[in-house]
Amino acid sequence: MMREPFDSRMALDFLTGRKARSPRSTLPMFEDTARGLAPRLGSKDLRITWLGHSTVLVEIDGVRLLTDPVWGERASPVSFAGPRRFHRPPLTLQALPPIDAVVLSHDHYDHLCASTVRQLASGASPGFSGQFITALGVGAHLEKLGVHPERVVELDWGEGWRVGEVDVVAVPAQHFSGRGALDRDRTLWAGFCLLGPKHRVFFSGDTGPTDEHADIGASFGPFDVAMFEIGAYHPAWGDIHLGPDAAHAAFLRAHARALLPVHWSTFDLGLHPWEEP
C-alpha cells in the first residue's frame, strides 16, 4: 500500500510558484475533433485520440475503448472546490462515436469522475454500450452512480475480458486508491493491456516506477503504443507517480514502439510549473 507523502519540499513548493502551475494563456483547442473521428476505421486499424488528462479514445482492431473518462469541471468530490479544468473537453459526451467499453484504472477523482459516470449511465453518450471494465472493488462506486451491476466487469491483476476481438487485461501498477480518508486501498488499481489480433496498446494508469513494466512488456508486448503518465508528480511522490524521466524509462522497459504522454495539462494536481512535463 502506498501513500502521497507530504514533506518540507512540498510545503515550500506549495507556498511558492502557484502562478506558474497554471497555463500562461488560454490553451488552443482543435475545433474539429468530432469531424476528425467521423471516418469509420477498418477492422484492423489503430487510432488513438487523447482527450485530456488520462482520457483517451482507443480505436483498435474494430473496437472502441475509452480510458478514465473525465468530463467534469473539477477533479474533486464536490462541485464548488478542488482542481479545476484548464481547458474544456475537446469533445462532448453526446458527440462521442459509439464506445464498446469504458476502461477505468482506479477510483481517484481525476480518473473516476462521478458526474461523467452518471451521464454515461443515463445514456448521455448515445452509442455507448454501457460496459465498464475496471479493477477489483471499483464496481461498488459505479453502482452508486447508476451503473447496472451487470454492466460492470472487475478484474484482478492478470485477469482479462474480451471486447469484440480485443482482450482487455489488467496488470500491476505501483499506486494506491481511495476517494476519502476512510477507504484507503480498499479497491485495486491497475494498468491495462489492450490486445487485438493486429495491434497492442498499453495504458499504465497511475503508477510509479516498477520492474513490473519490463515483465508486462515481455509478456504482452511489443506494444504499438504505450500511454504513461508524465504530469502531476513531485520528488516526494517518486514511488507512486512517474514524471517525464521515469515515464520514458518505463516506456523503454515496456517494449513499446511509441509513447503517448498522458496525465498532464488538464488539472493542477502536482506542485510543478504547468509546462514542466
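The values are calculated or read from the model by the stated rules, or taken from the named source; none is laboratory data. The model shown is predicted, which means the values in this text are computed figures rather than measured ones. Cβ sites come from the backbone with ideal geometry, for glycine too, and all protein chains shown count toward neighbours. Remember, those area values only see protein heavy atoms, side chains included, never the ligands or the DNA or RNA. Shrake-Rupley method; radii C 1.70, N 1.55, O 1.52, S 1.80 Å.
Within a straight-line Cα-Cα reach of under 22 Å, LYS44 can be paired with the following lysines, leaving aside sequence neighbours fewer than 8 residues apart in one chain: LYS198.
Taking all Cα pairs closer than 8 Å and separated by 6 or more residues, the relative contact order of segment 23-140 comes to 23 percent.
Quick check on segment 213-254: take the gyration tensor over C-alpha atoms, sort the square-rooted eigenvalues as a ≥ b ≥ c, and tell me if it's rounded (a/c under 1.5), prolate or oblate. Prolate, because a/c is 1.5 or more and a/b exceeds b/c.
For LEU260, the amide hydrogen comes within under 5 Å of the amide hydrogens of ALA226, MET227, PHE228, counting only partners 5 or more places away or on other chains and with H modelled in the peptide plane.
Per-residue 3J(HN,Hα) values for segment 268-277, derived from phi via the Karplus relation 6.51 cos²θ - 1.76 cosθ + 1.60 with θ = phi - 60°, read 8, 10, x, 10, 9, x, 3, 8, 4, x Hz in sequence order (x marks Gly and Pro). Spin-label model, GLU275/ALA214: points 7 Å from Cα along the beta carbon direction are separated by 3.7 nm. Computed from backbone phi with θ = phi - 60° and the Karplus coefficients 6.51, -1.76 and 1.60, the 3J(HN,Hα) list for segment 184-197 is 4, 6, 8, 10, 8, 10, 7, x, 9, 9, 10, 10, x, x Hz; x is used for glycine and proline. Annotation: amide H of LEU155 within the under-5 Å range of THR134, ALA135, LEU136, sequence separation 5 or more or interchain, hydrogens built in the peptide plane.
Does a label point 7 Å from the Cα of LYS144, set along Cα-to-beta-carbon, have any residues of segment 42-59 with amide nitrogen under 11 Å, and which are they? Those under the cut-off are none; the list is empty. The alpha-carbon atoms of the chain define a convex hull whose volume equals 123 cubic angstrom per residue. A 1.4 Å probe, protein heavy atoms only, puts the accessible area of LYS198 near 130 Å². Length gained on full extension, TRP50 to SER115, computed as 0.36 nm times the residue gap minus the Cα-Cα distance: 21.4 nm. Counting only heavy atoms of the protein chains and using a 1.4 Å probe, SER115 has close to 50 Å² of accessible surface.
The equivalent ellipsoid that matches the C-alpha gyration tensor of segment 145-270 spans semi-axes of 22, 21, 13 angstrom, in descending order.
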